[in-house]
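Bear in mind these aren't lab numbers, they're just calculated from the coordinates by the rules spelled out. Only a predicted model underlies this, so the values are computations on that prediction, with no experimental measurement involved. Cβ atoms come from the backbone with ideal geometry, glycine included; neighbour counts cover every protein chain shown.
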Amino acid sequence: MILGIDEAGRGAVIGPMVIAGVLVEDQNDLVKLGVRDSKELSPEERKELYSQILSIAKDFVVIKVPAPKIDEMRKRYSLNYIETIKMAEIINTLKPSRVFVDCPYTSPTRFISELRALLKHSPEVIAEHKADNKYPVVAAASIIAKVERDREIEMLKEKLGMDFGVGYPHDPRTVELLKRLSPNYPEFVRKSWLTACEIAENKKQKTLGEFE
């Protein structure tokens, strides 16, 4: 069995990081569906492929790490290692013979070493940068992760009654929402992110300035 793992929302300041694992027997089945890196697909194409991928997958796992959990874990671990822990959980659950992973570390060798230390068995591990461009099974995982995170973000937008964009620091709409919410951020904001910290600190300084 072949497992592909990828994530969505790693660098976002709003919402969860979603890590997906897709287990298949033959990657050619995914090629026939037209599976490719989720970033190359429209939201509609991703949604269509989502159900098709799950219909042929032997199994799959989706792990959603909410903002408060990320903030808590970052007190002890790097974001890279948090992702490694969750990837290991997927591998330990699905027990593949071979794993293809979109490597979160600069050094694939270091990543594989730290990942193996968390595994309960010893599958072959192929970890490469931009693996979602090279291996259909990783592209499939990227689609599942992206669709799942998009659903979370859309539900949040509906709850707030506003469009705050993609939830990443580079999006002006996201930054505008953070400015509105700071300094007392709700639980869906990653408070440990530099952007969130800077906006909150600027707001506090401005407030203090009003009393001088």
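Within 10 Å of each residue's Cβ, count the other Cβ atoms and sort Phe100, Phe60 from fewest upward.
Phe60, Phe100
Could you compute the FRET efficiency for Lys58 and Lys159, with r as their C-beta to C-beta distance and R0 at 35 Å, rounded to 0.05?
0.50
Relative contact order for region 1-72: what percent, with Cα pairs under 8 Å and sequence separation of 6 or more?
Reported relative contact order: 39 percent.
Report the gain in length on full extension from His170 to Tyr77: 0.36 nm times residue separation, minus Cα-Cα distance, nm rounded to one decimal.
31.1 nm
Would you calculate the separation in nanometres between label points at Leu194 and Ser113, each defined as 7 Å from the Cα along the Cα-to-beta-carbon direction?
Result for the modelled spin labels: 2.6 nm.
Considering the chain as a Gaussian network with a 10 Å cut-off on Cα pairs, which listed residue, Met87, Met73, Met17, attains the greatest mean-square fluctuation?
Met73
Determine the principal axes of the Cα atoms in region 160-209, then give the extent along each, sorted from largest to smallest and rounded to whole angstroms.
31, 21, 20
Let's see if you can work this out: charge +1 on each Lys and Arg Cβ, -1 on each Asp and Glu Cβ, no other charges. What is the dipole magnitude of the chain about its Cα centre, in debye to the nearest 20?
520 debye
To the nearest 0.05, what FRET efficiency results for Lys39 and Glu201 with a Förster distance of 35 Å applied to their C-beta separation?
0.60
For region 2-157, just say rounded, prolate or oblate: build the C-alpha gyration tensor, square-root its eigenvalues into a ≥ b ≥ c, call rounded for a/c under 1.5, and beyond that prolate if a/b exceeds b/c, oblate if not.
Here region 2-157 falls in the oblate category.
What spacing in nm lies between the two simple spin-label points modelled at Thr93 and Lys120, each 7 Å away from Cα in the Cβ direction?
That separation, rounded to one decimal, is 1.2 nm.
Using the alpha-carbon atoms, what tilt in degrees (0 to 90, nearest 10) does helix 194-209 show relative to the longest principal axis of the chain?
Approximately 10 degrees, to the nearest ten.
Expressed in nm to one decimal, what extension gain is obtained for the pair Arg180 and Lys32 from 0.36 nm per residue of sequence separation less their Cα-Cα distance?
That works out to 48.7 nm of additional length.
Distance check, please: which entries in Lys32/Lys64; Lys86/Lys130; Lys75/Lys95; Lys179/Lys204 exceed 21 angstrom between their Cα atoms?
Lys32/Lys64; Lys75/Lys95
Quick one: angle between helix 136-160 and the longest Cα principal axis of the chain, in degrees between 0 and 90, rounded to 10, please.
Between helix and principal axis, roughly 30 degrees.
Starting from the Cα gyration tensor of region 29-77, take the square roots of the eigenvalues, sort them a ≥ b ≥ c, and report rounded, prolate or oblate (rounded when a/c is under 1.5, otherwise prolate if a/b is larger than b/c, else oblate).
Since a/c reaches 1.5 and a/b is larger than b/c, the shape of region 29-77 is classed as prolate.
If neighbour count is taken as other Cβ atoms inside 10 Å, put Ser42, Ser97 in order from fewest to most.
With the sparsest Cβ surroundings first, the list reads Ser42, Ser97.
Mind pulling the angle between the C-alpha long axis of helix 43-56 and the longest principal axis of the chain? Nearest 10 degrees, somewhere in 0 to 90.
Tilt relative to the chain: about 40 degrees.
At 7 Å along the Cα-to-beta-carbon direction for both Ser51 and Glu25, put a label point, then send me their distance in nm to one decimal.
2.4 nm
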